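Enquirer: A single structure is presented below for examination.
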Amino acid sequence: MDDAAAAPDGQTASMAVAMVDVNGLRKVYAGRPVVDGVSFAVEEGEIFGILGPNGAGKTTTVECVEGLRTPDGGTVRVAGLDPVADHDEITRILGAQLQESELQAKLTVREALELYSSFYRAPADWRLLGERLGLTAHLDARFEKLSGGQKQRLFIALALIGNPRIVVLDELTAGLDPRGRRDTWSLIEDVRDAGVTVLLVTHFMEEAQRLCDRVAVIDRGRLVALDTPSELIRHAANATLISFTPSRPVGHGTLGALPGAASVTEKAGRITIGGTDETVNAVIALLVREDITAERLRVVDATLDDAFLDLTGRRREPGPAGPADGSVTSGSAAASEGAQ
Ligand SMILES: Nc1ncnc2c1ncn2[C@@H]1O[C@H](COP(=O)(O)OP(=O)(O)OP(=O)(O)O)[C@@H](O)[C@H]1O
Ligand SMILES: [Mg+2]
């Protein structure tokens, strides 16, 4: 069984140093597998993202990496160490920002930063970290009085304070305002530039697209994709969306049969075709051949959001409404078009 899960797609043999190696990971609660044979390897110095719907098993997976949960099957190695058996050594090299955590209510930000610094032999400069995370004005504030976003900033600082070789961030910027989110992204980029490996769970596609070298998409405990953000987008069923209003009706059957065409929808006379670059060329050739004028012809690349929905969204709602799938894509197409 482990054998079957040992060589998943997307794991390249050429990886230099696997900082994190997850192989056939399983975690079962009350007889239900919530992580079911997940495998991936994170190279040293990489920002690796984990995406997936709520309840997909992302936190469970990263908590196995952190040694906070014991796998029921498969193996996890961090820098060659077993996160459970070698827990003390792991805590020296791994910094973790947990999805839900608390500190003592009366502890001030300064005290928390000083206390956590004292756990490490060569900690980062906590004042500098606090400054980068916008905490300087709140050093004397007690934890209980901090806003959600301020707590989040503090937890990011605490994850980084030990100068870890690898940092695991579970929903890095959840609850942060747009400015805080951007500042945090550039901080994480600096951390990576300093050679630190980053394992990042996120629901923000923009964050994954900007930060991650590669992402794993997990759905219902299984790995459904593992690639760079741009390759995931390129392989989405509707990687490119072509929309236009034809001067006279064109048969949906004809359009749907074009190379790479994955969906055809029509709204108020405007046609949207989801497909690939090849589809774009074929649509244009068809229009020329048929002498049809295309008003407001637009070609829009899919986003990671589209790729994510393509990988996880449709299968979440199986059933008789199947043919209406196209509306998911055309809805997001309209949104991305509007945003351009
Ligand atoms: N300690 C536990 N006992 C029982 N079930 C659990 C436990 N922890 C997690 N689960 C279940 O495992 C599944 C995966 O949970 P997990 O927290 O890993 O999801 P997630 O992908 O991080 O979701 P989210 O995006 O909502 O944070 C969920 O169905 C959850 O209810
Ligand atoms: Mg989670």
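Enquirer: Once you've got the GNM for the chain with C-alpha springs shorter than 10 Å, pick whichever of V196, V299, V288 has the biggest mean-square fluctuation.
Expert: V288
Enquirer: Hey, can you grab everything whose amide H is under 5 Å from the amide H of R214? Only 5+ residues off in sequence or another chain; H modelled, so Pro and N-termini drop out.
Expert: I47, G49
Enquirer: Here's another thing I want to ask about it. For segment 48-107, state which GluC sites (Glu not before Pro) are in a DSSP loop and have at most 16 other beta carbons lying within 10 Å of their beta carbon.
Expert: On the way: sites: E63, E66, E89, E100, E102; in loops: E66, E100, E102.
Those satisfying the criteria are E100, E102.
Enquirer: Using a Gaussian network for the chain with springs between C-alpha atoms less than 10 Å apart, which of these wobbles most: L311, L107, L172?
Expert: Among L311, L107, L172, the largest GNM mean-square fluctuation belongs to L107.
Enquirer: Need the full-extension length gain, R248 to S147, defined as separation in residues times 0.36 nm minus the C-alpha distance. One decimal, nm.
Expert: Numbers: separation 101, 0.36 × 101 = 36.36 nm, distance 5.72 nm.
Full extension from R248 to S147 adds 30.6 nm.
Enquirer: Summing -39500 (n - 2.57) over the DSSP H runs of n ≥ 4 in the chain and dividing by its residue number, what mean residue ellipticity at 222 nm do you reach, to the nearest 500 deg cm²/dmol?
Expert: Rounded to the nearest 500, it is -9500 deg cm²/dmol.
Enquirer: In what order do C212, C64 fall by count of nearby beta-carbon atoms within 10 Å, going from fewest to most?
Expert: So the ranking, lowest neighbour count to highest, is C212, C64.
Enquirer: Gain in length, V28 to T228, computed as 0.36 nm per residue apart minus the alpha-carbon separation, to one decimal in nm?
Expert: 69.1 nm
Enquirer: Quick one: what are the phi-derived ³J(HN,Hα) couplings along segment 117-122, Karplus 6.51/-1.76/1.60 with θ = phi - 60°, whole Hz, x for glycine and proline?
Expert: Values, residue by residue: 4, 5, 6, 10, 6, 10 Hz.
Enquirer: Would you mind pulling out the separation of the Cα centroids of segment 281-305 and segment 168-208, in Å?
Expert: So the separation of the two Cα centres works out to 37 Å.
Enquirer: Provide D82, D125, D306, D219 in ascending order of the number of other Cβ atoms located within 10 Å of each residue's Cβ, fewest first.
Expert: D125, D82, D219, D306
Enquirer: To the nearest 20 debye, what charge dipole does the chain have about its Cα centre, counting +1 at the Cβ of each Lys and Arg and -1 at the Cβ of each Asp and Glu? Display every interim value, and only then the final one.
Expert: Details: 35 positive and 49 negative charges, 162 e Å.
The calculated dipole for the chain is roughly 780 debye.
Enquirer: Still on this structure, please answer the following. For R69, what residues show an amide H to amide H distance below 5 Å, using hydrogens built from the backbone and excluding near sequence neighbours?
Expert: C64
Enquirer: Still on this structure, I have one more. Quick check on the chain: of the DSSP beta bridges with both residues there, what percent are antiparallel, nearest 5%?
Expert: So the antiparallel bridges in the chain amount to around 70 percent.
Enquirer: For the chain, compute the orientation-averaged projected area of the C-alpha convex hull (one quarter of its surface), in nm².
Expert: 20.5 nm²
Enquirer: Debye calculation, C-alpha points only, no solvent: report log10 I(q)/I(0) for segment 125-264 at q = 0.10, 0.14, 0.21 Å⁻¹, in the same order as the q values.
Expert: Here the Debye-derived log intensity ratios amount to -0.50, -0.76, -1.28.
Enquirer: I've got another one for you. Please check: in the Gaussian network model of the chain (C-alpha springs, under 10 Å), which one of S101, S118, S263 has the largest mean-square fluctuation.
Expert: S101
None of the figures in this text is laboratory data; all of them are computed from the coordinates on show. Note that the structure is a prediction, hence the values are computed from the model and not measured. When we count neighbours, we look across all protein chains shown, and the Cβ atoms used for this are built from the backbone with ideal geometry, even at glycine.
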